[in-house]
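Take a look at the following structure, please.
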Amino acid sequence: MSSKKGVVPRCRPWYDALLSERLWSRWSFFPIFLPVLHSCRNNRVTRKPYKIGMVSLGCPKNQVDAEQMMGVLAGSGFELTADQQEAEIIVVNTCGFIESAKEESIGAILEAANMKKRGKCRALVVAGCLAQRYKDELRKELPEADAIIGTAEVARIGEICEHALAGSGPLVRVAAPAMVYGLPRISTTPRHYRYLKIAEGCSNRCSYCAIPIIRGNFVSRPAASIIDEARKLADNGAKELILLAQDSTGYRDGTKDLPALLRSLARVNGIGWVRLMYAYPGRITDELMTVLAEEEKICRYLDIPVQHIDDKVLAAMNRRGTSDDIKRTIEKLRKRVPGIALRTSLITGFPGETEAAFKRLLSFVQETAFDHLGVFTYSPEEGTPAARLERQIAPEVAQERLDRIMKAQAKISLRKNRALIGTRAVILVDGLEDDALFGRLSSQAPEIDGAVYLSETEALPGEFVEVTITDASEYDLVGTSKDQEEEPTLPQDTEVTEEGKKQARGH
Ligand code: SF4
């Protein structure tokens, strides 16, 4: 944070927005106002329950915190409402990761503050990463907030809301970040797929990343509590568990490392799929590959954010491993785990990224042909070493490079999807979208990867059905459980490849 009083550093548009409140008009409740899908506890009603609305932003890890806060609130006699107008207390669970996320959080807070002026809202609680990172600025600039609480306060949200309601003056409670787990959760996803946090924080020190500043060093959650929660989620209808951490490959609880944890989770009754997200490329072990190859229930799917492939840029990012290491790991994964689907994340416009370095990244994307890929433009984050680096790249150049990668990836994704036409695949049905039933292959994570739209298929959300893939677009597929009299007509330049078949079968 800027030391010189009154001087707002360049990379702080979210703060300007807060100061100028110019966001009012744009944010008509943009963020997720979490619907209450399933309550886990009976309300102990001692008085008319106050209605609480939860707004949650950012990543699924933050979403799990919101689910825990909702579970605690429901168990503390509050009534959760999905109707903004009805909410007497609004909790905004913010994200503070990069600039655009901070601006979105400010928009949501100002919208909720506006509800205090014109709605039933009597108390506003600001929680999550932005509160953890900028408690003083928020305290100073947000008189509308009755409480500003850090990420370690999840379990105490009930008493914090009581305090906020009592109007006993602004409360700021931001302690050191901590791993909060084992609390009752109210599901915000369809009950058949659930996020499961296995660790908190991160001890890698990528030079551009503010997460260690916000969430602290890496802490693994006790394996017993993870497995216990997995059983509870399975009893509550979960069929797919999606494992979350900043760096899941850093997991270790005593002698139990990630491969051992995965084997235990694969033994939980009722669970059909276990999916691993956020694996650090330099930490993917032979044992992990063995588990991915051997365990039927562990999806042959891996999310490995590589961020870049140019060695100079990787070094400036303080990423462990060279471009050759990354390429070797991917090659080995594809050999050891046939049909594995790989997702990655990349950053364009990192300080010092030359056109030549970018071209290396683009060729890497074209050669590697990831199944799924997300690209972000570099966001200079105060407090991170990279924000002080020379040769910062103009945002429009970073955006233009992002567009070039996404254009290349669209072609790759279409080619890969077309290769699945005519294959049989097991789908986990997710639900209806505009009356179209849809689901996912084991090679598709929810909310970030494509989907399979189902025709002439009778099935309910949470069911596994076998279908034939009959059509493909860049990011989505079409399938049917109806037996195919004649082979589906394959687009011109497509043949049913062994790779496609392996992938469809998920092994
Ligand atoms: S591994 Fe991920 S969370 Fe950790 S410092 Fe690097 S980018 Fe941030």
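Can you tell me what percent of all Cα-Cα pairs in the chain are more than 39 Å apart?
On the way: 33435 of 128271 pairs.
More than 39 Å apart: 26 percent of the Cα pairs in the chain.
According to a simple spin-label model (label point 7 Å from Cα along Cα-to-Cβ), what is the distance in nm between M406 and R156?
4.2
At a 10 angstrom cut-off on C-beta neighbours, averaged per residue, how do the peptides 260-273, 411-424, 237-250 rank from highest to lowest? The partial results should precede the final answer.
Working: 260-273: 17.9, 411-424: 19.9, 237-250: 23.0.
So the peptides 260-273, 411-424, 237-250, ranked by packing, come out 237-250, 411-424, 260-273.
Taking all protein chains as present, what is the carbon and sulfur share of the accessible area of the stretch 299-349, in % to the nearest whole number, probe 1.4 Å? Kindly include the intermediate steps, with their values, before the conclusion.
Working: 920 of 1870 Å².
Using a 1.4 Å probe with all protein chains present, the stretch 299-349 comes out at 49 percent carbon and sulfur.
Roughly what would the spin-label model give for F464 and R122, points 7 Å off Cα along C-beta, in nm?
So the label points at F464 and R122 sit 5.0 nm apart.
Tell me which residues come under 5 Å, amide H to amide H, from R173 once H is placed; ignore anything under 5 positions away on its chain.
When sequence neighbours closer than 5 places are left aside, the close amide H contacts are I148, I149, G150.
In Å², and per residue, what accessible area does the chain have when probed at 1.4 Å with the other protein chains present?
Per-residue value: 42 Å².
Mind checking the full-extension length gain between S203 and V219? Use 0.36 nm per residue of separation minus the Cα-Cα distance, one decimal, nm.
Details: separation 16, 0.36 × 16 = 5.76 nm, distance 0.88 nm.
Extending this stretch completely gives an extra 4.9 nm.
Can you tell me the FRET efficiency between S168 and K312 if r is taken as the Cβ-Cβ distance and R0 is 60 Å, rounded to the nearest 0.05?
0.65
How large is ³J(HN,Hα), in whole Hz, for each residue of the stretch 183-191 in order, when computed from phi with the Karplus curve 6.51 cos²θ - 1.76 cosθ + 1.60 and θ = phi - 60°, using x for Gly and Pro?
8, x, 10, 9, 5, 10, 10, x, 4
Share of the stretch 376-472's accessible area from carbon and sulfur, percent, 1.4 Å?
Details: 2470 of 4600 Å².
C and S atoms contribute 54 percent here.
For F376, what residues show an amide H to amide H distance below 5 Å, using hydrogens built from the backbone and excluding near sequence neighbours?
L346, I347, T348
What is the distance in Å between the Cα centroid of the stretch 429-456 and that of the stretch 264-336?
24
List, in order, the whole-Hz ³J(HN,Hα) value for each residue of the stretch 352-363 obtained from phi through the Karplus relation with A = 6.51, B = -1.76, C = 1.60 and θ = phi - 60°; use x for Gly and Pro.
Coupling constants for the stretch 352-363: x, 6, 7, 4, 5, 5, 5, 4, 5, 5, 4, 5 Hz.
For the Cα atoms of the chain, what angle does the longest principal axis make with the long axis of helix 395-418, in degrees from 0 to 90, nearest 10?
The answer is roughly 40 degrees.
If you don't mind, there's one more thing I want to ask. Per residue of the stretch 123-139, what does 6.51 cos²θ - 1.76 cosθ + 1.60 with θ = phi - 60° give for ³J(HN,Hα)? Whole Hz please, x for Gly and Pro, Karplus curve as stated.
Residue by residue, the stretch 123-139 yields 8, 10, 10, 9, 10, x, 5, 5, 5, 4, 8, 10, 4, 5, 4, 5, 4 Hz.
Rounded to the nearest percent, how much of the accessible area of the stretch 174-282 (1.4 Å probe, protein heavy atoms only) is carbon and sulfur? Don't skip to the answer; put the middle values down first.
Numbers: 1820 of 3560 Å².
Carbon-and-sulfur percentage of accessible area, whole number: 51.
Follow-up question, since we're still on this one. Give the shape of the stretch 193-417 as rounded, prolate or oblate, defined through the alpha-carbon gyration tensor: a ≥ b ≥ c are the square roots of its eigenvalues, a/c under 1.5 means rounded, and otherwise the shape is prolate if a/b is larger than b/c and oblate if not. Kindly include the intermediate steps, with their values, before the conclusion.
Values: a/c = 2.10, a/b = 1.52, b/c = 1.38.
Here the stretch 193-417 falls in the prolate category.
Order the peptides 114-120, 288-294 from the highest to the lowest mean number of other Cβ atoms within 10 Å of their residues. Let's see the in-between values first.
Values: 114-120: 14.7, 288-294: 18.3.
Going by the mean number of other Cβ atoms within 10 Å, highest first, we get 288-294, 114-120.
Quick one: which residues, 5+ away or cross-chain, put their amide H under 5 Å from the amide H of R221? H built at 1.01 Å from N.
A199, E200
The values are calculated or read from the model by the stated rules, or taken from the named source; none is laboratory data. Keep in mind that this is a model prediction, so the values were computed, not measured. Glycine gets a Cβ as well: all are built from the backbone with ideal geometry, and neighbour counts include every protein chain shown. Ligands, DNA and RNA are excluded from the accessible area calculation, which covers all protein heavy atoms including side chains. Shrake-Rupley method; radii C 1.70, N 1.55, O 1.52, S 1.80 Å.
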